[in-house]
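Student: Just dropping this structure here.
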Amino acid sequence: MTAEVPMFQHNTKQAHQLMRSAIPLMVKLNIPPTPYNYGIWYEYASNKTPKLNQVVDRALRRFGSLPAFVSRELFHEFLLPEEFQQASKQGIALKDLAVNLETDTAVVSRELKKFNHTVQQSKKVLKNASDPAQIERLAFLLEQGTFQANQAIEQFERSLSAAQEELASLRSELSNVKKSTELDAMTLLANEKGFERSLFSLVPHAEDDLTLLLIDIDDLHGINQEYGNKVGTSLIKYIAKLLSGHLPEHSFLARLNGGRFAVLLSETELSVASKLAESLRQEVATQKIRYRNTKTLLRPVSVSIGVATLFGDESPTELVERAQHYLLYAKRSGKNCIAHHE
């Protein structure tokens, strides 16, 4: 699961503050200023992803640093959206951004190391310094080092702002990519991937009031054999439209495969969801459906529905498995019925 690139979700001021925290950490731990490392330590400094911080801390204890292969895997797991990996055009643009940030990060890192060395040497000399001219020379060196380090940081801030603007444009393009990868071309509903994303986003915030309906067209295989696959396809589209028109406003409808649909109902208890499932079953059963091309009246069409409401700390997978169990029970009970936990 995992969504957008976290390091670019902050506003410019927040980003600058985090950048000023991340780079000294990298310098202190002698972390190479690669795009992977920069992204990881930026996110580490933000403390927005506790699991990432835990993994990084374990790696530091084990290796004393962050090996390149660990950085790469962590970046892809925690920071890189799936859409960036799927869309080659956006991937190339992201790579260019990373290369530019790598160059600028290296400059900042180098200047901070130089400045840190100057500070340390000055502290040693100042312990025994008594000559005003020598003290003045040290003050000049510190002032010059501060100026150069600040210049490098300000340049990096400008680069970061430019990267944020470019990524905003990429994010807009990626929203279209995501829609296309989560859309069922036949019905224009969400597909199985879109359903999974919605389910996994809803479960962490649900409190025994998230209900899943699995709806399956009965004997779709027989309909295809009797009337042809084109009729079966038209029937799937018809049922998709019918369901869409009879669901509550904040429900989520997806087509999983074949004639099977999934409905997610937020803040809906089992009793309410069961009544809705029964009304959907009856609505389908009372339809007199003709195939538009031949005007052929199809034999009665029905659906079976499995209903499951989230229990306690149940996982998304477990919720789906229970709904599938009830759907199978409805099928084995003669079809054209609903089944749920009593």
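Student: How far, in nm, would the chain grow between Asn47 and Ala185 when pulled straight, counting 0.36 nm per residue and subtracting the alpha carbon separation?
Tutor: Residue separation times 0.36 nm, minus the Cα-Cα distance, leaves 45.7 nm.
Student: Using Cβ contacts closer than 10 Å as the measure, can you line up Phe200, Phe115, Phe69 from fewest to most?
Tutor: Ranking Phe200, Phe115, Phe69 by Cβ neighbours within 10 Å, fewest first, gives Phe69, Phe200, Phe115.
Student: Continuing with this model, one more query. What list do you get for Asp184, Asp209 if you sort them by fewest beta carbons within 10 Å?
Tutor: Fewest-to-most ranking of Asp184, Asp209: Asp209, Asp184.
Student: Scan around Leu183 for amide H atoms under 5 Å from its own, H built in the peptide plane at 1.01 Å from N, and keep only partners 5 or more places away or cross-chain.
Tutor: Asn191
Student: Taking θ as phi - 60°, what are the ³J(HN,Hα) couplings along the range 218-227 by the Karplus curve (6.51, -1.76, 1.60), each to the nearest whole Hz, with x for Gly and Pro?
Tutor: Rounded to whole hertz, the list is 6, 6, 5, 4, x, 5, 4, 5, 6, 10.
Student: Next question, about the same structure. Taking 0.36 nm per intervening residue step and subtracting the Cα-Cα distance, what contour gain separates Ile135 from Glu73 on full extension?
Tutor: 17.4 nm
Student: Now a separate question. What residues qualify as long-range amide H neighbours of Gly259, i.e. H under 5 Å apart, gap of 5 or more or another chain, H built at 1.01 Å from N?
Tutor: So Gly259 has HN proximity to Ile217.
Student: Return the FRET efficiency for the residue pair Leu126, Gln155: r is the Cβ-Cβ distance, R0 is 35 Å, and the value is rounded to the nearest 0.05.
Tutor: 0.70
Student: Give me the extension gain from Ser21 to Ser271: residue separation times 0.36 nm, minus the current Cα-Cα distance, reported in nm with one decimal.
Tutor: Length gained between Ser21 and Ser271: 84.8 nm.
Student: A further question on this structure: Listing Leu247, Leu235 from the residue with the fewest other Cβ atoms within 10 Å to the one with the most, what is the order?
Tutor: Result, fewest neighbours first: Leu247, Leu235.
Student: Show me, for the range 135-145, the HN-Hα J-couplings you get by feeding each phi into the Karplus relation (A = 6.51, B = -1.76, C = 1.60, θ = phi - 60°), rounded to Hz, glycine and proline as x.
Tutor: 5, 5, 5, 5, 4, 5, 5, 5, 4, 5, x
Student: Per residue of the range 306-321, what does 6.51 cos²θ - 1.76 cosθ + 1.60 with θ = phi - 60° give for ³J(HN,Hα)? Whole Hz please, x for Gly and Pro, Karplus curve as stated.
Tutor: x, 10, 9, 10, 4, 10, x, 9, 4, 7, x, 4, 5, 4, 4, 4
Student: For the range 192-340, what is the number of Lys pairs with C-alpha distance below 24 angstrom, counting only pairs 8 or more positions apart or on separate chains?
Tutor: Counting lysine pairs in the range 192-340 gives 21.
Read-outs: derived from the displayed coordinates by stated rules, not from any lab. None of these values were measured; they are calculated from a predicted model. Don't worry about glycine lacking a Cβ; one is built from the backbone with ideal geometry, like all the others, and counts go over all protein chains shown.
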